[in-house]
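The values are calculated or read from the model by the stated rules, or taken from the named source; none is laboratory data. Predicted model, so just to flag it, every value in this text is computed and none were measured. Positions of Cβ are backbone-derived with ideal geometry, glycine not excepted, and every protein chain shown enters the neighbour counts.
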Amino acid sequence: MADSVYRVTEVIGVSSESWEAAARNAVETAAKSVRDLRVAEVTRQDVTIEDGKITGIVRNPNYRGVSATFWRSLRMVGNRDTFEVLGTPTCGKGEPNQAIHVGHAAPACLFADVEVFGGVE
């Protein structure tokens, strides 16, 4: 893979079975129209939780609320073991597109009473 140029294309895979099945669905669909497909990166894996049990898989969920109220609902902040850099493979700006990795970093956090909506289940 060294000394090569790659195009990054985002594909969303969905499955009620597993993340592996969701990735397989995305790759198999992309392979129908993308030549020389060799690498896939999984960037988001989210779940819905009810009564302490995972009830569904969600990709790109959203939340809404008043900022001050939202931050007051913070109940727990993770340690170094949960610290993770998240983001997108490229910034998507420019012509041609720039290939700069962008994102943010944070530990896992627990919020209470936050309205979650949207996304793909």
Checklist entry - So residue 7 clears everything in (1) at pLDDT below 75; (2) charged (D, E, K, R); (3) surrounded by 13 or more Cβ atoms within 10 Å (Cβ to Cβ) except one condition, right? Which one? => result (3)
Next on the checklist: Contact list please: Cβ distance under 8 Å, first residue in region 94-121 and closer than 26 Å to residue 77 by Cα and surrounded by 12 or more Cβ atoms within 10 Å (Cβ to Cβ), second residue at pLDDT 75 or above and of a type in the set (Asp, Glu), pairs at least six apart or on different chains.
Outcome noted: 106/84; 107/84; 108/84
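Can you tell me how many residues within region 31-48 are surrounded by 10 or more Cβ atoms within 10 Å (Cβ to Cβ) and within 18 Å of the chain's Cα centre (by Cα)?
Pass one, region 31-48, residues surrounded by 10 or more Cβ atoms within 10 Å (Cβ to Cβ): 31, 34, 37, 40, 42-48.
If we keep only those that are within 18 Å of the chain's Cα centre (by Cα) too, we end up with 40, 42-48.
Residues in region 31-48 being surrounded by 10 or more Cβ atoms within 10 Å (Cβ to Cβ) and within 18 Å of the chain's Cα centre (by Cα): 8 in total.
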Checklist outcome for this item: When region 16-55 is checked residue by residue, the ones that are closer than 30 Å to residue 115 by Cα, in a loop (DSSP other than H, G, I, E, B) and either touching a Gly at 6+ places or on another chain (Cβ under 9 Å) or modelled with pLDDT of 75 or more (or both) are 16, 17, 18, 41, 42, 43, 51, 52
